[in-house]
Structure formats: structure tokens, C-alpha cells
Amino acid sequence: MSNYGHKTNETAIRLSGSQGQAAAREGRFSLRNLRTFDSLKNGNYRFYFFGMVGQWGAMNMQMVSKSMLLYRLTGSATLLGVMALASAIPQILFSLFGGAIADRVSKKMILQIGQLASAAVSLSVGLCLTTGYLSAENPGSSWVLIAQSALQGSIMALMMPSRSAIIPEIVGTSQVMNAMALNSLGMNTLRLLAPAAAGFLIDFAGFEAIFYSMSGLYLFSVVLTSFIRENRTGSISDGFGRRTSTIEDIKEGLKYIWHERPVFAVLAFTLVVVLLSMPYQMLMPIFADDILKVGATGMGLLMSVSGVGAMAGSLVIASLPNKKRGVLLLGSSLVLGVALAAFAFSRSMSLSLGIMAFVGIGQAGRMTLGTTLLQSYADERYFGRVMSINMLDMGLSSLGTFAAGILAEDLGAALAIGGFAGVLALASFLALIFLARIRQLN
């Protein structure tokens, strides 16, 4: 088994630990001594991080707006599933290519092209709303949202592996773990703020305001990421000569993942968790409008409370020692399954808000710990390709949503989401008992 990535991260952990001990001996406490914020001292990473703020904001606003708009135009849970499937197919088909490309060429260039394309797609939907083409008065116009999902899925599949794989190039191996912890904190902060802002804009300014805002946020990301200086000397992309084809690189990456058993186990488990847990986000309009009857503002509030839980979970995980992370990953998935099952059958907005905090905690654990374990055990020469498999969670979540949407049409959203969550809770409990390969990972 290759331990290159594991060793470099262990070195980073030892360095950070010695710095923390020195600060403790000095008896001082300040933000400058907090390990959590070390990467922000790197000006290159600051441009990356705040550039990502725009992208994270747009993505989280889209979670609320696109599904709510389609449901209000059509009233169909099945079409919510179809829209999710339209996003899933290109993500599943193209994600491996995105990983191979990330290990070959400028990740900054891929990232910026993806952000520009995302801005154009969001702008096109806003224009369709402004002109009145996309409206309830124009039956069949909902195809615009289906097409937008397919385009956005393709963009994300090709861009997302580069978004993760560029971090070692701009911060160096000693700060990779810290940078990823900050990424998790930033994403979860936007999960708190963006859905609430989106719900407010929908109710008071209309859906077109959301899509124009999303387009502006993506352009904001392009401007800031343009200042990133890539240090590609000795980088991951140089680990493979460009004499091989992209298909050969993909095959080599899949072969590596198959033989690197800890990496394979973490990837397989996290993809199963995503398949069973993420459909609730796309079906949230049904809970907001028909079950809890709280509208778009209430839906944004529910998603924001989930973001609060995710922020708390990320901060706790960032503060824990690097021990028993496999157990924590399995435990987080168990919490997520139980919380989603409880939410599915709740009929009280107050109770649902409390439950959503635990949903956020479980999601933060699954995302942060899964990525951290992959970084610790994967050879960084294959990092783009490993992350391309990890990024399949977006495609699989949409695939799961398609199945959940079909079930919701016949059985109701509560039974569909509750059933998925129950299977997740049971699978996580059994994994804690029997799946030693993950349980023993540190």
C-alpha cells in the first residue's frame, strides 16, 4: 500500500501539534495561534478561499431556488426526480474525465472556465424568467430547468476534481489538512446564509433575482481566482507524463483505487451514504409547501439551520485529535440517518428545525471525515482521480433523488425520505459493528 499521502499529512499534523504546544507554553491565546486559520495566512490561499465563497454561495442558493421553482411550475415530485437525473447522468459520465484532466493541466484554468460557464447558465435561466418564457402560463417551459441541470451537472463533473486537487499546489503539503478544514467551514457557513437569503429573495423579489444573483456570484469567483498563482513545480500533474491518453490515465487511477483498500473502502461507503441521504434536499419543497406549510422562507430557514449544525460539526471535527476518524465517519453517518428519518415524519416546524441541526452535523462529519481520510491514505499523484470518484456523490445524490421522487409520487415524500434514511441508519450501524477496514482507520 502507498503511504505517501499519509506520511505527508502525519508530518503536517506533527508540525501543527508542536506549534500548538509552543503557543500553550507561551500562555497566549489569539486567532493567530489557532491552527484552524493557519492557511489564511497564505495570500494565495486567501484568493482561492474567498473566490470559493462566491461559488459556494451560488451553489447553495441554487439548491433552494431551482427545485422550488420547478415544483411551483409543475407540482410534480416526479419532475423533481427527472431534473435530478438530468444532473446526475453527466456527473457520473464525466467526473472521471474531470479527475484525469485535473492531474494533467492547469487546475486554475479549469476552475475559471467552469465558473464562467456556470455564470452563463444561471444568466440564461434568469433571462427566461424575465421574458416570461419560463412560467406557469407556458406549459412545457420547465424543460429549461431540466436542460440547465444537465449543463450544470456537466460543468461540475469537469470542474470539481480540480477545485479540490488545486489545494496542495497553492498551500503546500504541510497545510493541506488545515486548508480542507477551512474549506469545510466556509461551505457550511454558506449553507447557513445562502438558503435563507434565497428564500427571502424568492418571496420578495421573485425567482429571476436569484438566478441573476447566482450569475454575479460566479463572476465574483472568476475575478478572485484569477489572482491565484499556481506552483506546479513538482506538482501532482507532473507525476504523470502526458504521453498517455486520458482514458489510460482513468484506467490507471481506477486500478490504483481498487488495490488501495483503505481508499476503496472509504469511497464505497461514502458514496452509499450520499445515495441514501442527499435526496431530501431536492424534495425539500414538498416538505416546505405541502407538509410543514412554511413556504420558501421556511425552506430557506430549514436549510440554514442545517448549515448551523454543519458549522458546529466542522469546528468540532477540526479540533479533535487524529484518532479513530474511521469510527467518527461511521458514527456521523448513523446520526445523519436517524435525524433524516425523524425529519421525514415530523409535522412540527419547531421540531423540524431542531432535527435539521443534527442533519447538518451528520453531513459535516460525512463530508469532512471522508475527504480527510482520502487525503491521508491516497498517493497525491492520484489525488485528482481519487477526488473525481469522491465527487460522484453529486451525481449519485441526484440519482437517489430520481428514485426518491418516483417513490414520493406514489407513497408520499415522508415515506420516501424516511425509508431511505432508515436504510442508511441500519447500514451505518452494521458498518460500525462489522466493517473493521473503515473502523480501524485513523
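The values are calculated or read from the model by the stated rules, or taken from the named source; none is laboratory data. Everything quoted here is computed from the prediction, not taken from an experiment. With ideal geometry, Cβ positions are generated from the backbone for all residues, glycine too; neighbour counts draw on all protein chains shown.
Any residue at all in the range 317-333 that's over 24 Å from Val423 (Cα atoms), assigned to a helix (DSSP H, G or I) and within 19 Å of the chain's Cα centre (by Cα)?
Within the range 317-333 (the criterion being over 24 Å from Val423 (Cα atoms), assigned to a helix (DSSP H, G or I) and within 19 Å of the chain's Cα centre (by Cα)), the answer is yes, since at least one residue qualifies.
Taking Ile286, is it among the β-branched types (Val, Ile, Thr), assigned to a helix (DSSP H, G or I) and within 29 Å of Tyr377 (Cα to Cα)?
So Ile286 does not fit the description; no.
Might you check whether a residue that is modelled with pLDDT under 80, buried (at least 24 other Cβ atoms within 10 Å of the Cβ) and within 18 Å of Gly354 (Cβ to Cβ) occurs anywhere in the range 308-326?
Yes, some residue in the range 308-326 is modelled with pLDDT under 80, buried (at least 24 other Cβ atoms within 10 Å of the Cβ) and within 18 Å of Gly354 (Cβ to Cβ).
If you go through the range 33-40 one residue at a time, do you hit one that is assigned to a helix (DSSP H, G or I), in contact with a Lys or Arg (Cβ under 9 Å, 6 or more places away or on another chain), of a type in the set (S, T, N, Q) and closer than 24 Å to Ser221 by Cβ?
Scanning the range 33-40 turns up at least one residue that is assigned to a helix (DSSP H, G or I), in contact with a Lys or Arg (Cβ under 9 Å, 6 or more places away or on another chain), of a type in the set (S, T, N, Q) and closer than 24 Å to Ser221 by Cβ.
Name the pairs whose Cβ atoms lie under 6 Å apart, with the first residue in the range 419-442 and at negative phi and surrounded by fewer than 19 Cβ atoms within 10 Å (Cβ to Cβ), the second basic (Lys, Arg) and assigned to a loop (DSSP other than H, G, I, E, B), and 6 or more positions between them or separate chains?
From the range 419-442, the pairs are Asn442/Lys323.
Within the range 382-436, restricting attention to residues that are of a type in the set (Phe, Trp, Tyr) and modelled with pLDDT of 75 or more, which residue is nearest to Gly331 (Cα to Cα)? Spell out how you get there, then give the answer.
In the first step, residues of the range 382-436 are kept if they are of a type in the set (Phe, Trp, Tyr); the result is 382-383, 402, 420, 429, 434.
Checking which are modelled with pLDDT of 75 or more leaves us with 420, 429, 434.
Values: Phe420: 17, Phe429: 8, Phe434: 13 Å.
Filtering the range 382-436 for residues that are of a type in the set (Phe, Trp, Tyr) and modelled with pLDDT of 75 or more, the one nearest to Gly331 (Cα to Cα) comes out as Phe429.
Which residue out of Ala136, Ala147 is under 30 Å from Ile202 (Cα atoms) and touching a Leu at 6+ places or on another chain (Cβ under 9 Å)? Break it down into steps so the answer makes sense when it comes.
On the way: Ala147 fails: touching a Leu at 6+ places or on another chain (Cβ under 9 Å).
Every option except Ala136 fails the conditions.
Name the single residue, out of those in the range 293-304 being surrounded by 22 or more Cβ atoms within 10 Å (Cβ to Cβ) and not hydroxyl-bearing (Ser, Thr, Tyr), that is modelled with the highest pLDDT.
Restricting attention to the range 293-304, the residues satisfying the condition of being surrounded by 22 or more Cβ atoms within 10 Å (Cβ to Cβ) are 296, 299-300, 302-304.
Now restrict to residues that are not hydroxyl-bearing (Ser, Thr, Tyr): 296, 299-300, 302-303.
Numbers: Ala296: 71, Met299: 79, Gly300: 74, Leu302: 83, Met303: 77.
Applying the filter and picking the extreme gives Leu302.
Being in contact (Cβ under 8 Å) with a residue 12 or more places away in the chain and within 20 Å of Val338 (Cα to Cα) is the filter; apply it to the range 408-418 and report the residue that is surrounded by the fewest Cβ atoms within 10 Å (Cβ to Cβ). First the steps, then the outcome.
Restricting attention to the range 408-418, the residues satisfying the condition of being in contact (Cβ under 8 Å) with a residue 12 or more places away in the chain are 408-409, 413-418.
Cutting the leftovers down to within 20 Å of Val338 (Cα to Cα) gives us 408, 413-418.
On the way: Ala408: 22, Ala413: 24, Ala414: 19, Leu415: 15, Ala416: 26, Ile417: 26, Gly418: 19.
Out of the qualifying residues, it is Leu415.
Which residue is surrounded by the most Cβ atoms within 10 Å (Cβ to Cβ), if the candidates are limited to the range 41-93 and must be at pLDDT 80 or above and of a type in the set (Lys, Arg)?
Across the range 41-93, the extreme among qualifying residues is Lys66.
Here's the yes/no breakdown for (1) touching a His at 6+ places or on another chain (Cβ under 6 Å); (2) surrounded by 23 or more Cβ atoms within 10 Å (Cβ to Cβ); (3) free of Cβ contacts under 8 Å to residues at least 60 places away in the same chain:
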| residue | (1), (2), (3) |
| --- | --- |
| Ala102 | no, yes, no |
| Ser124 | no, no, yes |
| Glu137 | no, no, yes |
| Ala147 | no, no, no |
| Ala157 | no, yes, no |
| Ser164 | no, yes, no |
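From (1) closer than 21 Å to Ser124 by Cβ; (2) modelled with pLDDT under 75; (3) hydroxyl-bearing (Ser, Thr, Tyr), pick out the condition that doesn't hold for Ser174.
(1)
Does any residue in the range 260-281 that is closer than 16 Å to Ala88 by Cα come within less than 7 Å, Cβ to Cβ, of a residue that is of a type in the set (Val, Ile, Thr) and surrounded by fewer than 23 Cβ atoms within 10 Å (Cβ to Cβ) six or more places away or on a different chain, and which pairs are these?
Leu276/Val423
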